[in-house]
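Only the coordinates and a few stated rules stand behind these numbers; no lab work does. Source: prediction; values computed, not measured. Ideal geometry is used to build each Cβ from the backbone, glycine not excepted, and the neighbour counts take in all protein chains shown.
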Amino acid sequence: MQGRRGRAVPIDHSGDLPAVAVRLQEVFGLDRHPCIGPGRVPLRLTLLSPADRPVAVTTDLPGFPAGGCGEVRRAMRGRYPRHPWPEDPAAARPTRSAKPRRWAGRGVGGRPGGC
């Protein structure tokens, strides 16, 4: 499967439904659940944190923001504050990047002063 940011994502066909593991930020902006094949079989999406750890599994991506997304968002905002966690993921742009660190007033290695 081709990810939204151009990254190739392998599909696991070993279970009852084909499955994909993808970072949660990479599915921002999707308004339809991804399906494959002529029968339009829905993919089981394992949504990953920025550290590539599973945080949720869904077969209904459009319904996810109304269901468990708020809880996942609160937990991930506290753990990964540099990553985007929008109120409406369907309206957000997909990304793999984090906000830049703020090094103003810091020395080498993030320590105050010089060396």
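Observations on the structure shown:
- Projected label distance in nm at Thr46 and Ala8, using a 7 Å step from Cα toward the beta-carbon: 2.0 nm
- At q = 0.18, 0.20, 0.21 Å⁻¹, base-10 log of I(q)/I(0) for the range 19-98 (Debye sum, equal scatterers on each alpha carbon): -0.69, -0.85, -0.94
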